[in-house]
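Please read the structure below before turning to the comments.
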Amino acid sequence: MAVSQGMDHSAVQTISAQLAADQQTVMDLMQRAQSAVNTLGQNWFGNDSSQFASDWAARSTQLMGAADVIGVMSRQARAQASDQQATSTS
């Protein structure tokens, strides 16, 4: 009989760790972009500059949301892998 459910908990733990690293990468990218926007604000003046900064502020929340979702996925995968390992060794 073919098994239709289960998990290679080691592989899922590895993927969970990669997701956590990806979350950090997105957060680092957001910080670098924020720094660039701050530098632009010190070197670019006027309505266009203000609009650019405003657009970034509105859109940066999307990056933060993506980082949060990736973090949740990482934690869920890690918890599921831990549960599977505990069940398998019981």
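Residues of the stretch 33-90 being outside any helix (DSSP H, G or I) and among the aromatic types (Phe, Trp, Tyr), which ones? Lay out the reasoning, then the answer.
Going residue by residue through the stretch 33-90, those that are outside any helix (DSSP H, G or I) are 44-46, 90.
Once the filter is applied, which keeps residues that are outside any helix (DSSP H, G or I) and among the aromatic types (Phe, Trp, Tyr), the stretch 33-90 yields 44, 45.
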Here is a check on your reading of the model: is residue 12 out of contact with any Ser or Thr (no Cβ under 7 Å at 6 or more places or on another chain), surrounded by 15 or more Cβ atoms within 10 Å (Cβ to Cβ) and over 30 Å from residue 89 (Cα atoms)? no
Unique match (being closer than 21 Å to residue 61 by Cβ and either of a type in the set (Val, Ile, Thr) or not in a helix (DSSP H, G or I) (or both)) among 26, 12: 26
Given the structure, is residue 19 touching a Leu at 6+ places or on another chain (Cβ under 8 Å) and touching a residue at least 24 places away in the same chain (Cβ under 8 Å)? no
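Quick note: the coordinates plus some simple rules give every number you see, no bench work behind them. The structure displayed is predicted, hence computed values, not measured ones. Note: ideal-geometry Cβ built from the backbone for every residue, glycine included; neighbour counts use all protein chains shown.
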